[in-house]
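All remarks here apply to the structure that follows.
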Amino acid sequence: MQSSIILAVDDDPDNLIVIRELIRHYCAECRIITAPNAVKGLAVAAESLPDMALIDVQMPDMDGIEMCRKLKASPRTRHIPLILLTAHAATTSLKVTGLEAGADDFISKPVEGFELAARIRVMLRIKKAEDILRREKEGLLLAVNERSQQLAKIEKRYQMLFDNANDAIIVRSFEGKILDVNQVACERLGYTRKELLKMHMNDILTQENAQLLPERTRILREKGNLIFESAHKRRDGTVIPVESGCRLMEYDDTLIVMAISRDISERKQAEKEKNRLHAQLQQAQRHEAIGTLAGGIAHDFNNILFPIIGYTEMTMDDVPPDSLAYKNLLEVLKAANRATQLVQHILTFSRSTEEERKPLLLQVIIKEALKLISATIPKTIGIRQDIDNNCGPVLADPTQIHQIIMNLCTNAYHAMQEKGGELQVSLKEVRISSEDHIGNLHTRPGMYLRLMVSDTGCGMEPGVMKNIFDPYFSTKEPGKGTGLGLAVVFGIVKSSGGEITVYSKPGIGSTFSVYLPRASGTADERIPEESQTVPRGTERILLVDDEQQIIKMEKKMLENLGYHVTAKAGSREALECFRQQPHAFDLIISDQAMPHMAGSRLAEMLMQIRPEIPIILCTGFSETFSAEDARRIGIREFLLKPLVKKDLARAIRRVLDQE
């Protein structure tokens, strides 16, 4: 530890010797330096900066009191504690003079060692404490100075940001008086800064938002910050929608509100369009989700239906047509066909079915469909047509167009079933421009055919209308309808590049409008007719399917039609059989979804062995392999299960007769 330095000043050398010895004996931790007079004492003090000084009062030329004054007057030595030594009893007058001169204590000679040591230690403690306080004060002053400089820079930076911000900044009192604004606020509101500083917030807010100001201020006091939408009013009366972020802050030692307001005019203009598109997206996502589920179950469901239909048809061939068994089997077949149609409805909704699109005239199909409808609905419902026979063609699947008309008319019939009414069907050509907001058609302007189906039935509430295109949504009683009709219509229209809209009012009725793009080319006006004959043959067929129930049924069905059938329950077995006897077969019928090797891959390998071999590929459902894929690799027919006997028999003859 560093020794404390004590300066002793006395013109009597004997006194200096006594003081030195006393300090050495009683304050061994201190080191003493001496001076023989006040002048030299001042010089030694300035140079050595002792921790304290013992000064004799009575000295020639300059006494101890004067030396005290000079030490305290110098910035370098004013912090040194001073003890005055006097050979006489210190009078009150002397003490006052010495203390005013800067002395910290008096000691009368002769000096007692213990007293001297005690007073020295007290002075050193005081000196140490004062040094600590002085350093802390100097550090605090330095920190305050630095902080003041920082605050000055921050204030300058704040002012720069305040004046150059892109948003309007308004500083106001809790009562609403405007205290400060930036340049953007002046430009946006159409006032000068001087004018705004004389105004109240109610002068620049719309009436509705001015009424909300007290409540917003109350919430702001509680939370400290608040973000909300408001509206400012310009000098010329123009209303500007804004988003305001408010925060409490101190301003001239007063708590005030600073509001930063952004012009959201463009956002507001876009919000309506955004909300409309969002609603369409939600509807599309719901349909997509159901569509994905539909495709997933279609394959297994069709494979279950295939043997039901096949065995039913074969059993019907074995019993008399007028028997009870035949009638019962006919009901089973009807139920199975209804289930098949249900799967097709689901796949149509999910846009997973293969479509045979071609130019066709809607008016031909509509008139044929209305003939069927008029024969089935009660006389209490009238039908009025307004069909423009000059409408051009659309590119669509005729079966799907028939589905649209039948589903919409059936829906209208159910709405009027109790009280009767009028079914109105119209077809017109219309031009859609980019200004017409009919679904997404404004993005594809041009000529469209508009099919409108209206009824005078019960109508629908808005909550019902929002869900009518959802699969399995129905307002009918349980057992009346599947809830898929309008979902199927929606899927067909969307997949055809069109749009469907609905207008309805409770107690008045409903109108469905279907828009389909007009196509170029020559339309097919024929209505497909089906023959009831089932063609037969005697050719040799290699049949491949991994489902034992299906392959047994299909083998028996084909044999009943006169064909010679070799059945294999897997791709590998079929490939090996064909490799051994490639010319033993006239036709290959294979399933697509099989373990180890898909039917499409099997077909490619069979055609490598014998390129001209005709192949029919069947599937319950496949997302990864389509009819177009099948044609591309050379497969002659691509059939969707479940197949009725006549469809399979005709497909076989189409392929073999081409050969």
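The values are calculated or read from the model by the stated rules, or taken from the named source; none is laboratory data. Not measured: the values here are computed from a predicted model. So basically every Cβ, Gly included, is an ideal-geometry build from the backbone, and we count neighbours across all protein chains shown. Ligands, DNA and RNA are stripped out before the accessible areas are found, and what is left, the full protein with its side chains, is counted by its heavy atoms. Shrake-Rupley method; radii C 1.70, N 1.55, O 1.52, S 1.80 Å.
Quick notes on this one:
- Lysines with Cα under 20 Å of residue 419, excluding same-chain neighbours fewer than 8 positions away: 379, 476, 480, 505
- The chain has equivalent-ellipsoid semi-axes of 108, 40, 21 Å, by the square roots of 5 times the alpha carbon gyration tensor eigenvalues, sorted largest first.
- Those GluC sites (Glu not before Pro) in the range 542-616 that DSSP places in a loop and that have at most 13 other beta carbons within 10 Å: 612
- Here the spin labels are modelled as points 7 Å beyond Cα on the Cα-Cβ line, and at residue 262 and residue 389 they lie 6.2 nm apart.
- Counting only lysines at least 8 places from residue 109 when in the same chain, those with an alpha carbon closer than 23 Å to its own are 40, 95.
- Hits among lysines - C-alpha to C-alpha of residue 274 under 21 Å, sequence gap 8 or more where chains match: 466, 494
- With all protein chains kept in place, the per residue accessible area of the chain amounts to 54 square angstrom at a probe of 1.4 angstrom.
- Cysteines in the chain that, by Cβ-Cβ distance, have no pairing candidate under 4.7 Å: 68, 186, 246, 391, 409, 458, 577, 618
- Overall, the ratio between the Cα radius of gyration of the range 153-231 and 2.2 N^0.38 Å, rounded to two decimals, is 1.15.
- Gyration tensor (alpha-carbon) shape descriptor, the range 588-650, a/c threshold 1.5: oblate
- Listed cross-link partners 334/646; 194/268; 552/641; 358/641 are compared with a 20 Å cut-off, the Cα-Cα value being larger for 194/268; 358/641.
- From helices alone, the chain scores -15500 deg cm²/dmol at 222 nm; the rule is -39500 (n - 2.57) for each run of n ≥ 4 DSSP H residues, then divide by the residue total.
- Coupling constants for the range 554-563 follow from the phi torsions by the Karplus curve (6.51 cos²θ - 1.76 cosθ + 1.60, θ = phi - 60°), and in residue order they are 5, 4, 5, 4, 5, 5, 5, 8, x, 7 Hz; glycine and proline get x.
- Table column - 3J(HN,Hα) (Hz), the range 383-395, Karplus curve with 6.51, -1.76, 1.60, x for Gly and Pro: 10, 10, 10, 9, 9, 7, 6, 8, 4, x, x, 10, 8
- For the range 161-177, 3J(HN,Hα) computed residue by residue from phi via the Karplus equation (6.51, -1.76, 1.60; θ = phi - 60°) reads 5, 4, 7, 10, 5, 7, 9, 6, 10, 10, 9, 9, 7, 5, 7, x, 6 Hz, glycine and proline entered as x.
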